[in-house]
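Data block below; observations after.
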Amino acid sequence: MEAQTTPLNRALYPFKLRLQLWGRNSLNLLRELGKQPSALLGGLLVVLFVLMAVLAPFISPHDPTKGNLREQLIPPAWEKEGNPKFLFGTDMQGRDLLSRIIYGARISLWVGILAVGISASIGTALGAVSGYYRGWLDTLVSRFADLLMAFPFLIFAIGMMAFLGPGFTNLLLALTLKGWVVFFRLARGAVMAEKTTEYVEAAKVVGQSNPVIIGSEILPNIFHSILVLGTLRMGSMIITEASLSFLGLGIQPPTPAWGSMVADGRDYLVTSWWIATLPGLAILVLVLSINLFGEGLRDILDPRLKVE
Amino acid sequence: MKFSLEVEEQPGGTRFPLLELKDLTTVFPTQRGLVRAVDGLSFQLHTGEKLGIVGESGSGKSVTLLSILRLVPHPGQIVSGGVHFRGEDLVAKSATEMRHLRGKDIAMIFQDPMTALNPAFLVGDQICESLRIHNAIPRSKGPFSRLFDRQRKAAEFERVWEAMADVGIPVPRQSARRYPHQFSGGMQQRALTAIALACEPQVLLADEPTTALDVTIQAQILALLDKINQQHGTAVVLVTHNLGVVAEFCQTIIVMYAGQLMEKGHIDPVVEDPKHPYTRGLLRCLPRIGARREKISPIPGLVPDLADLPPGCPFSPRCDRVMPQCSQVETVPLTELPDGRLVRCLLY
Amino acid sequence: MRAVKVLERLLATIPIMLGVAIVVFLFMRLTPGDPVDIMMGEAGYVSEGEIENLRREFNLDKPLHVQLYLFLAGVIRGDLGNSYTKHAPVSELIAERLPATLELALGALIFGLVVAMPIGIVSAVKQYSVVDRVSMAGAFLGISMPAFWLGIILMLLFSVRLQWLPVAGRIDYDASLQAVTGLHVLDSILTGNKAALISSLRHLALPSVSLGAAMAATVARILRSSMLEVLRQDYVTLARAKGLVEFLVVTKHALRNALIPTVTVVGLQVGVLLGGNMIVETVFGWPGLGRLVVQAIFSRDFPLVQGAVMVYAFTFVMANLIVDVLYTYLNPKITL
């Protein structure tokens with residue numbers, strides 16, 4: 001190869017190689033996933049939801065926040081008194097339910113991705129450092145993690161939201177503050193196990209500095225476990241967000257969130273069932289697809305996690 | 001050549017086999033085709049006889065033992081042939097009848113004693129369970145015998161300690177109240193043997209009992225099996241891939257390959273003068289002390305894929321005396337040699 | 001011997017509970033804004049003196065570490081402070097509502113286990129059968145479903161459309177039930193009150209199912225996968241080789257070992273039950289602690305919220321302790 005052997009190139013070479021490998025591995029992964037019908041279905045649905053969320057302004061027939069009181073409580077289009085203008089009917093303020101559901105996907109997906117992403121990053125980072133260096137840092141963080149684990153997830157989230165007040169950022173804070181623990185434990189355990197392997201010894205002998213060892217040797221090997229765990233946790237994060245919104249502690253109106261929509265519909269359950277039912281159905285389908293995809297991912301990447 | 005076995009003749013005068021397999025075939029349907037794990041296997045086992053079944057992994061030896069007890073795991077099935085025990089065909093028996101038989105008349109011990117013993121129960125209780133299942137110690141008559149039967153329990157404990165002492169487990173009373181993971185490998189295997197012998201079966205099926213153990217413990221376990229055979233008259237079917245073990249312990253030997261019987265005969269003639277090329281190959285693999293410095297020559301090739309066997313003799317691809325007819329026949333028939341040996345080879 | 005070890009573990013939970021109390025205390029101090037102002041929100045104009053009185057009453061005039069000390073001292077005594085809005089000790093308010101929540105939690109737990117255990121076992125024993133596939137599909141649905149939605153759907157179906165079961169509440173208004181334990185089902189059995197028993201069971205049904213469904217789904221799945229692994233083990237084949245009846249092979253030998261990882265998961269699921277409890281109580285108007293907390297949150301009654309959160313955390317810690325002890329009974333390789 002005619003590449004210049006500048007110091008920069010030499011340093012970057014392992015990363016370039018890794019990137020290539022990563023690209024090829026990802027393609028293989030997708031191909032494997034494609035072979036499993038449930039994972040494929042899940043993945044497809046997730047992509048659909050994402051598209052729905054991204055293209056919300058273009059595909060929703062009406063404004064989700066504005067409603068005409070004269071058009072309130074119209075049943076879905078397939079019912080007797082339905083109106084094809086409002087496919088899923090309208091709520092008590094005359095807002096189109098379909099548009100609200102489409103926009104609601106944004107919140108759910110956003111919360112899911114961010115909550116899992118941040119928890120995973122913090123948890124993995126802390127776990128890797130604790131597992132590798134051990135010592136007082138490890139003890140401190142582990143004890144703190146154990147303490148957090150004494151709270152049931154929802155209780156903790158509700159407690160935090162109670163004191164912090166509702167809203168998107170507070171919600172995210174509440175979810176990530178408890179969510180990082182499970183990633184921490186995974187990363188810590190994995191790093192402690194990997195630490196004794198030969199390739200780490202080899203890297204040390206060559207004189208690699210510790211952070212580089214962690215970053216470029218160990219982390220790529222535990223990446224797939226973290227990915228699987230993250231996908232599997234996303235569903236519960238979304239359900240937690242929906243539950244908090246249902247209680248009124250999460251996303252506040254007028255932002256449409258599926259959980260609060262279900263809460264709104266509760267009072268009208270007897271006469272206008274669709275207001276509460278359909279948004280909840282959206283939650284179900286989204287979480288189901290994520291779980292299907294996640295399980296497919298796990299079956300391929302890390303069957304060891306199956307018992308969990 | 002004649003060999004005297006421990007029990008030459010039955011009281012009735014005839015050499016009626018205790019256990020006889022007639023043309024047993026056990027198959028496993030797999031994605032790639034039907035696997036004939038046991039293919040037309042026939043042999044006889046007499047009272048007090050020590051039979052060894054030798055073969056590589058995948059030769060069907062373990063499945064043979066499981067087939068005898070009808071414990072072949074799903075989706076495997078016995079599709080043809082018979083297993084005659086004391087004259088009755090076990091294949092035709094009902095599930096309940098088989099249950100009465102297992103552990104009481106025919107017992108089995110497994111390869112890895114750590115996984116064969118239930119880690120959640122005390123060793124003594126596991127031995128006692130055999131007694132309970134077959135009601136070896138019947139309930140005492142009395143008003144409260146349904147609820148707590150101290151007499152029976154005491155008798156059972158005695159029996160359990162007896163069995164443990166018999167297999168050489170020290171301090172039976174304390175050891176019985178231990179868990180399997182607290183035992184060493186050799187002790188665990190002895191415990192397994194105690195479970196098997198608790199109801200004094202007539203046949204003991206041993207599936208690679210020494211494979212998971214050190215060589216010194218191996219010798220101890222073999223000595224134990226020998227003692228049991230001598231003292232209780234229990235017939236032993238020892239399955240192993242280790243010819244050395246068989247040579248030391250057994251009276252008769254069966255060599256299996258790809259589910260088929262390749263050679264059968266009394267142990268000494270087979271070891272001194274193996275007829276089948278596979279048997280010859282196996283013997284060549286054994287390092288011998290005192291022999292001329294030869295290279296250990298393994299049998300070339302790999303164990304065949306049982307779903308995809310070559311036509312004719314399954315050993316032909318690896319055989320050093322292979323002839324064109326070997327792959328042309330449908331199946332190689334068994335030939336009986338003048339000294340009573342059976343060989344499945346076109347050379348004879 | 002074992003009792004001593006259990007006591008040791010019990011004592012070990014004290015530092016955890018202390019930590020929990022500290023965390024909860026910090027929660028409260030996170031609140032933006034002055035708690036007194038929040039309390040006074042509705043009251044209109046209040047004199048300086050009254051504000052000062054309130055501050056002193058709730059110890060808000062003292063420095064933070066003193067507040068923490070007073071708070072912890074109170075907790076150890078069992079004094080969780082006084083409610084801002086209801087002007088009664090928090091511990092009393094919680095104790096009042098606790099039986100209802102306990103009944104719901106137990107109902108959900110029993111439902112969850114009664115459903116999950118047979119399904120988990122049968123699915124594993126008859127792998128790939130119709131029962132297996134249907135159950136696992138159902139379980140998958142169960143873990144993807146939000147509990148509040150399930151509650152609403154059940155309510156819609158059984159209470160509104162079919163009218164088989166009541167919509168809300170714990171017991172019929174006119175059922176006169178003598179309170180012994182506070183658990184209506186138990187009380188009606190103890191006092192021989194058949195009408196009350198039926199009424200309380202009918203009211204308990206839908207909330208228990210809503211709360212317990214997710215737990216049942218998770219437990220069924222893990223039980224199945226543990227059973228599958230265990231059934232492959234040699235000791236199961238040995239049990240059969242001994243001549244043991246298949247039923248006992250499964251229940252005595254296999255299940256015992258399969259329960260080991262399952263029990264741990266059940267312990268964790270209790271946490272989910274405790275959390276979901278608040279939601280289900282809100283959906284069904286169940287007069288328990290969960291609903292009290294939700295109301296307290298909206299009325300900014302922080303001591304009440306604080307106390308309730310601690311009670312929940314404490315219950316969770318205790319439940320996991322029980323699970324740990326149970327675990328050592330099941331797995332002889334682990335001692336306390």
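Read the figures in this text as sums done on the coordinates, not as results from a lab. Only a predicted model underlies this, so the values are computations on that prediction, with no experimental measurement involved. So basically every Cβ, Gly included, is an ideal-geometry build from the backbone, and we count neighbours across all protein chains shown.
Other chains near C:269-276: what is the mean number of their Cβ atoms within 10 Å of each residue's Cβ?
Whole-number average of other-chain Cβ neighbours for C:269-276 is 5.
If one computes P(r) from the Cα atoms of region A:140-276, what percent of pairs lie at distances over 23 Å? Working shown, then result.
Values: 4832 of 9316 pairs.
I get 52 percent for the Cα pairs in region A:140-276 exceeding 23 Å.
What share of Cα pairs, in percent, lie more than 56 angstrom apart in the protein assembly as shown?
Percentage above 56 Å: 31.
Just the ratio, please: alpha-carbon radius of gyration of region B:54-205 over 2.2 N^0.38 Å, N its number of residues.
Normalised Cα radius of gyration, region B:54-205: 1.15.
Please give, to one decimal in nm, the separation of the simple spin-label points placed at residue B:223 and residue C:232, each 7 Å out from Cα toward the Cβ.
3.8 nm
Where in region C:1-22 is the amide nitrogen less than 11 Å from a point lying 7 Å along the Cα-to-Cβ axis of residue C:325?
C:2-11
Largest first and to the nearest Å, give the Cα extent of chain B along each principal axis.
Rounded to whole Å, the extents work out to 76, 48, 48 Å.
Working out 0.36 nm times the residue gap between residue B:329 and residue B:241, then minus their Cα-Cα distance, what length gain in nm do you get to one decimal?
Working: separation 88, 0.36 × 88 = 31.68 nm, distance 2.81 nm.
Contour length minus Cα-Cα distance gives 28.9 nm.
Residue by residue through region A:233-247, what is 3J(HN,Hα) from phi via Karplus (6.51 cos²θ - 1.76 cosθ + 1.60, θ = phi - 60°)? Round to whole Hz and write x for glycine and proline.
With the stated coefficients, region A:233-247 comes to 7, 4, x, 5, 4, 5, 5, 5, 4, 4, 5, 5, 5, 4, 6 Hz.
Among bridges DSSP assigns within the protein assembly as shown, what percent are antiparallel (round to 5)?
Working: 31 of 50 bridges.
The antiparallel fraction comes to roughly 60 percent.
Can you order the peptides B:163-171, B:27-35 by their average number of other Cβ atoms within 10 Å per residue, highest first?
Put in order of decreasing packing, that is B:163-171, B:27-35.
Can you tell me the FRET efficiency between residue B:79 and residue C:247 if r is taken as the Cβ-Cβ distance and R0 is 30 Å, rounded to the nearest 0.05?
On the way: r = 27 Å, r/R0 = 0.91.
It comes out at approximately 0.65.
Toward the positive end of the charge dipole of the protein assembly as shown, about the Cα centre and with charges on Cβ (Lys, Arg +1; Asp, Glu -1), which of A:25, C:325, A:279 goes farthest?
Checked the options; the winner is A:25.
If every alpha-carbon in region A:82-224 counts as one equal scatterer, what log10 I(q)/I(0) does Debye give at q = 0.09, 0.15 1/Å?
Log10 of I(q)/I(0), two decimals: -0.44, -0.83.
Nearest 5 percent is fine: what portion of the DSSP beta bridges confined to chain B is antiparallel? Intermediate values should be presented prior to the final figure.
Values: 28 of 47 bridges.
Restricted to chain B, the bridges split so that about 60 percent are antiparallel.
If packing is taken as the mean number of other Cβ atoms within 10 Å per residue, what is the order of A:261-273, C:8-20, highest first? Kindly include the intermediate steps, with their values, before the conclusion.
Details: A:261-273: 18.9, C:8-20: 14.1.
Per-residue mean Cβ counts within 10 Å order the peptides as A:261-273, C:8-20.
Kindly point out which whole DSSP H helices in chain C project their C-alpha atoms 27 angstrom or further along the helix axis while averaging a Kyte-Doolittle hydropathy of -1.0 or above.
C:2-30, C:90-125, C:194-231, C:255-284, C:302-330
Using only Cα atoms and rounding to the nearest 10 degrees, what angle (0 to 90) does helix A:168-194 make with the longest principal axis of chain A?
Taking Cα atoms only, the helix is inclined about 30 degrees.
Can you tell me the convex hull volume per residue for region C:243-314, based on C-alpha atoms, in Å³ to the nearest whole number?
Per-residue hull volume (Cα only) is 102 Å³.
Report the calculated FRET efficiency for residue A:110 and residue C:13 (r = Cβ-Cβ distance, R0 = 56 Å), to the nearest 0.05.
Step by step, r from the Cβ atoms, then E = 0.90.
Scan around residue B:84 for amide H atoms under 5 Å from its own, H built in the peptide plane at 1.01 Å from N, and keep only partners 5 or more places away or cross-chain.
B:20, B:21, B:22, B:90
Once you charge only the Cβ atoms, +1 for Lys and Arg and -1 for Asp and Glu, what is the size of the charge dipole of region B:180-249 about its Cα centre, to the nearest 20 debye?
140 debye
So if I place +1 on the C-beta of Lys and Arg and -1 on the C-beta of Asp and Glu, and nothing else carries charge, what would the dipole magnitude of region A:49-156 be about its Cα centre? I want it in debye, nearest 20.
So the magnitude is around 120 debye.
If r is the Cβ-Cβ distance from residue C:179 to residue C:295 and R0 is 22 Å, what FRET efficiency results, to the nearest 0.05?
Efficiency, from the Cβ-Cβ distance: 0.45.
Using only atoms on other chains, find how many Cβ atoms lie within 10 Å of each Cβ of peptide B:102-112 and report the average.
3
So what is log10(I(q)/I(0)) for region C:290-336 at q = 0.18 1/Å, when the Debye sum runs over its Cα atoms only?
-0.60
Could you tell me which of the pairs B:93/C:126; B:227/C:333; B:22/B:275 are separated by over 26 angstrom between their Cα atoms in the structure shown?
Numbers: B:93/C:126 23 Å; B:227/C:333 33 Å; B:22/B:275 23 Å.
The answer is B:227/C:333.
Enter the mean number of other protein chain beta carbons within 10 Å of the beta carbon of each residue in C:306-317, as an integer.
That works out to 4 on average.
Taking the Cα atoms only, what angle lies between the long axis of helix A:135-149 and the longest principal axis of chain A, rounded to 10 degrees?
In chain A, helix A:135-149 runs at an angle near 20 degrees to the longest axis.
Using only Cα atoms, find the angle between the long axis of helix B:185-197 and the longest principal axis of chain B, and express it within 0 to 90 degrees, rounded to the nearest 10.
80 degrees
If you wrap region C:201-322's Cα atoms in a convex hull and average its projection over all directions, what's the area in nm²?
Projected over every direction and averaged, the Cα hull of region C:201-322 covers 9.4 nm².
Gain in length, residue B:30 to residue B:165, computed as 0.36 nm per residue apart minus the alpha-carbon separation, to one decimal in nm? Walk me through the intermediate numbers first.
On the way: separation 135, 0.36 × 135 = 48.60 nm, distance 4.48 nm.
That works out to 44.1 nm of additional length.
Output the peptides C:138-145, A:189-196, C:159-166, A:156-163 sorted from most to least packed, where packing is the average of other Cβ atoms within 10 Å over each peptide's residues.
A:156-163, C:138-145, A:189-196, C:159-166
Using helices alone, I'd like the mean residue ellipticity at 222 nm for chain B: each DSSP H run of four-plus residues gives -39500 (n - 2.57), total over residue count, nearest 500.
Numbers: 11 runs with 104 residues, N = 348.
Result for chain B: -8500 deg cm²/dmol, rounded to the nearest 500.
In units of 2.2 N^0.38 Å, what is the alpha-carbon radius of gyration of chain A?
Relative to the 2.2 N^0.38 Å estimate, chain A comes out at 1.20.
Please report the equivalent ellipsoid semi-axes of region B:198-312, computed as sqrt(5 x eigenvalue) of the Cα gyration tensor, largest first, in whole Å.
In descending order, the three semi-axes are 27, 19, 14 Å.
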